[in-house]
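Have a look at the structure below before the remarks.
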Amino acid sequence: MSRHHARIGFIPLVDAAVLVAARELDFAAAEGVDLELCRESSWSNIRDKVAFGLFEGAHMLAPMPIAMRLGLGSVAHDAVAPFVLNVNGNAISVSRELAEAMGGTRPAPGPAATLQALAALAAGVRALHRRRGVPLTFGVPFPFSCHAYELRHCLAHAGLETGSEVEVVVVPPPLMVDALRAGKLDGFCVGEPWNSVAVDADLAEIVLPGARVWQFAPEKVLGLRQEWAESNQDTLFALLRALHKAAVWADRPENHVTLSEILAREAYLDLPAEVIERALNGRLTMSPDGRQGHFEDFLVLQRKAATFPWRSFALWIYAQMVRAGQVGHSPARLAAVRQVFRPDLYRAALGPAGVDLPGASEKVEGALTGETPVASRAGKLFLGPDGFFDGTVFDPNGLEDYLAAAGATGRGLLGSR
Amino acid sequence: MKIAVVDPQPERADVIEAGLREAGYRDIHRIAEMPGLLERLSELAPDVILIDLENPSRDVLEQMFEVSRLVSRPIAMFVDESDMSMIEAAVEAGVGAYVVDGMKKERIKAILATAITRFNTFSRLQSELQATKAALSERKVIDRAKGILMKAKGLSEEEAYALLRKTAMGQSRKLSEIAQSVVTAAEMLS
């Protein structure tokens, strides 16, 4: 008998996996939650329907609840994120023409692989730019997305100038492949299954999984209205318990075949299960000639406390918004951002359920070079590695220093467009 | 008042445009092509943009807010919560609207009300059309099944129809489903 009802919006992507598993494997029902999943066609719809109470919550890009709170792109709404639905899962892909201009996309082994790939990307972009005389175009799914920040960080690091050499534009993921086919895009940063679909269509090669840019990047969160979260705590906590159990199940490799079959259904992704399974296993087909790549943390659904809403994630995202010129930094905005990711709700919901919780709620991002034990209630929690490819370290208490340093190197500005 | 209607479906764009013209708006521009959407819109500089909420290109419009210098900063339809009933009606009808900042609320409401009515008219027309099509194809299948039974078993038309009905009732299935089985079986056996 379900005591709770929740309408949750989602976009058909592999990383809706935990929500889908919570419903289809009855983890939600077991907690008394009638979980209604509503497929949506745009992130804007997701935002507006949550803001106006048509959905209780949604599968959101991690920057979305922050943008909502700051009133970026719409009227300000108090959104909160008490649960991370996945860490990593994006990739940067390029058209075959650009791949050729790069001299191939086969990565070098070892830690220098990302730097080498970006050097090749820069050379390829410049070669095509010389030939065409106009900027190359890269697609991202939404202005407020980690895809946009990761891609811009990479382009800036490669020394490419946004505006003159490259343009970053918003293209809805289901239209990315068509845009590539029509020659409107030279590359993109998008979540799965869209990189794999483009590779299978003979149109693209995967250059870099997001995990090679930042090894532990928040990607999607459960976004809710604060007012609903606070006045419906029983429902919220039951939902979070269900999502936790679903995440544990979905993260286990032995369940990936079942999970990919469920996600493949018409109501969810409506795509072949085999394509979906690649992201779950981290075994990607990198290029149309069938070259394989294996990336251990390509998509992380639960292990390494992946569902914990670290406040430092939100602060890192805010710093990228400032770098990208989407918002000006102010102490008031910083204080508002601190209200978005809600480790307190996560603890209150999952602590009594016996989930091992980290001792801290913020961490220095990018500091762990390997798997590291951390203080937790049961003492069995391992985090990391979580490094950025360029060795950046983000201290949430040193946000101003980070922004100043980013500005000083000239690589800090992500280009306003 | 310049209104842009972003819709790749020409039939629906017709219905919306006609409605807006009837309501007295003259400066209406239709955009059917999604590539180059932003360029078209910044050239046009409309006061109001109407878009189907199911159109994934809604996210492309969001890019306009990222940098306010691109076009004069429009605000999403969902201006405030004071008029929830209109917002709900719009969402139900599937209309999204973007409005240039500073426009009077009454003017926005008038346009939105027209758009909602027209979106609803269009979906009603669509479902009527589908229902008619389905009914026609069902009737065709039943006629064919009757013909097959009449020939195979030497029945009259009434008897053939009665047999189909009886079988459908006996199996608690739709008449058209039984008719389809008869047609399929006959095709396989012929």
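Computed from the coordinates by the stated procedures, all read-outs in this text should not be read as laboratory data. Note that the structure is a prediction, hence the values are computed from the model and not measured. Here the Cβ is made from the backbone with ideal geometry for all residues, glycine too, and neighbour counts use every protein chain on show.
For A:183-189, what's the mean count of beta carbons from other chains sitting within 10 Å of each residue's beta carbon? Could you put the intermediate results ahead of the total?
Details: counts 1, 3, 1, 0, 0, 0, 0.
Counting other chains' Cβ atoms within 10 Å and averaging over A:183-189 gives 1.
Could you give the size of the charge dipole of chain A about its Cα centre, using +1 on the Cβ of each K and R and -1 on the Cβ of each D and E, expressed in debye and rounded to the nearest 20? It would help to have the intermediate numbers written out before the result.
Numbers: 39 positive and 46 negative charges, 134 e Å.
Here chain A has a charge dipole of around 640 debye.
Could you work out, residue by residue across A:165-175, how many beta carbons of other chains sit within 10 Å of that residue's beta carbon, and then give the average as an integer? Don't skip to the end; give the middle numbers.
Values: counts 0, 0, 0, 1, 3, 10, 7, 7, 2, 1, 6.
Per-residue shielding by partner chains comes out at 3.
Looking at the square roots a ≥ b ≥ c of the eigenvalues of the Cα gyration tensor of the stretch A:283-335, which shape do they give, rounded for a/c under 1.5, prolate if a/b is larger than b/c, or oblate?
Working: a/c = 6.58, a/b = 1.91, b/c = 3.44.
Note, shape of the stretch A:283-335 comes out oblate.
Ignore the peptide's own chain and count Cβ atoms of other chains within 10 Å of each Cβ in A:42-54; give me the average, rounded. Kindly include the intermediate steps, with their values, before the conclusion.
Numbers: counts 12, 4, 15, 9, 1, 4, 9, 3, 0, 4, 6, 4, 4.
Going residue by residue through A:42-54 and averaging, the value is 6.
Can you list which of the GluC sites (Glu not before Pro) found in the stretch A:346-403 are DSSP loop residues with at most 12 other C-beta atoms within 10 Å? Could you put the intermediate results ahead of the total?
Working: sites: A:Glu362, A:Glu365, A:Glu371, A:Glu400; in loops: A:Glu362, A:Glu371.
Loop-located and lightly packed - A:Glu371.
Relative contact order (percent) for the stretch A:81-192, with alpha-carbon contacts under 8 angstrom and 6 or more residues of separation? Write out the running numbers ahead of the final one.
Details: 153 pairs, mean separation 40.5, N = 112.
That works out to 36 percent.
Could you work out the helix-only [θ] at 222 nm for the protein assembly as shown, with each DSSP H run of four or more residues adding -39,500 (n - 2.57) and the total divided by the number of residues, to the nearest 500 deg cm²/dmol?
Values: 24 runs with 281 residues, N = 607.
Only helices count here, giving -14500 deg cm²/dmol.
Filter B:Lys104/B:Lys133; A:Lys220/A:Lys380; B:Lys133/B:Lys166; B:Lys153/B:Lys174; A:Lys49/A:Lys245; B:Lys133/B:Lys153 down to the pairs with a C-alpha to C-alpha distance above 32 Å, please. Intermediate results must be reported in sequence, preceding the final value.
On the way: B:Lys104/B:Lys133 44 Å; A:Lys220/A:Lys380 25 Å; B:Lys133/B:Lys166 25 Å; B:Lys153/B:Lys174 22 Å; A:Lys49/A:Lys245 26 Å; B:Lys133/B:Lys153 30 Å.
Where the Cα-Cα span goes over 32 Å, the pairs concerned are B:Lys104/B:Lys133.
Can you pull out the trypsin sites (Lys or Arg not before Pro) in the stretch B:97-188 that DSSP calls coil and that have at most 16 other Cβ atoms within 10 Å? Display every interim value, and only then the final one.
Numbers: sites: B:Lys104, B:Lys105, B:Arg107, B:Lys109, B:Arg118, B:Arg124, B:Lys133, B:Arg139, B:Lys140, B:Arg144, B:Lys146, B:Lys151, B:Lys153, B:Arg165, B:Lys166, B:Arg173, B:Lys174; in loops: B:Lys104, B:Arg173, B:Lys174.
Qualifying residues, ordered by number: B:Lys104, B:Arg173, B:Lys174.
What whole-number distance in Å separates the alpha-carbon centres of the stretch A:146-210 and the stretch B:116-190?
About 49 Å separates the Cα centre of the stretch A:146-210 from the one of the stretch B:116-190.
What's the FRET efficiency of A:Glu400 with A:Val75 using the Cβ-Cβ distance as r and R₀ = 25 Å, to the nearest 0.05?
Numbers: r = 28 Å, r/R0 = 1.13.
The value I calculate is 0.35.
Which shape class, rounded, prolate or oblate, goes with the stretch A:1-133 when its Cα gyration tensor gives a ≥ b ≥ c as root eigenvalues, a/c under 1.5 marks rounded, and past that a/b bigger than b/c marks prolate?
Cα axes put the stretch A:1-133 in the prolate bin.
Taking the Cβ-Cβ separation of A:Glu261 and A:Ala353 as r and a Förster radius of 41 Å, what is the calculated FRET efficiency to the nearest 0.05? Mind dumping the intermediate values first?
On the way: r = 28 Å, r/R0 = 0.69.
According to the calculation, E is roughly 0.90.
Return the Cα extents of chain A along principal axes one, two and three, sorted largest first, each rounded to a whole Å.
For chain A, the Cα spread along each principal axis is 64, 47, 42 Å.
Kindly state, to the nearest 0.05, the FRET efficiency for B:Arg173 paired with B:Glu128, given R0 = 30 Å and r defined as their beta-carbon distance.
Details: r = 26 Å, r/R0 = 0.86.
Efficiency at R0 = 30 Å is approximately 0.70.
Taking 7 Å along the Cα-to-C-beta vector as the label spot, tell me the A:Glu100-B:Lys2 distance in nanometres, rounded to one decimal.
4.1
Using label points projected 7 Å from each Cα along Cα→Cβ, tell me how many nm separate A:Asp26 and B:Met150, to one decimal.
5.2
Among the trypsin sites (Lys or Arg not before Pro) within the stretch A:186-289, which fall in a DSSP loop and have no more than 16 other Cβ atoms within 10 Å of their own Cβ? List each step's numbers first, then the result.
On the way: sites: A:Arg212, A:Lys220, A:Arg225, A:Arg241, A:Lys245, A:Arg265, A:Arg278, A:Arg283; in loops: A:Arg265.
Here the trypsin sites (Lys or Arg not before Pro) that fit, given the DSSP loop and packing criteria, are A:Arg265.
Going Cα to Cα from B:Lys109, which aspartates and glutamates come in below 15 Å? Please leave out same-chain ones fewer than 8 positions away.
Those aspartates and glutamates meeting the cut-off are B:Asp47, B:Asp80, B:Glu81, B:Asp83, B:Glu88, B:Asp101.
Can you tell me how the stretch A:79-154 classifies by the Cα gyration tensor, rounded, prolate or oblate, using a/c under 1.5 as the rounded cut?
Oblate shape, in that a/c is at least 1.5 and b/c is the bigger or equal ratio.
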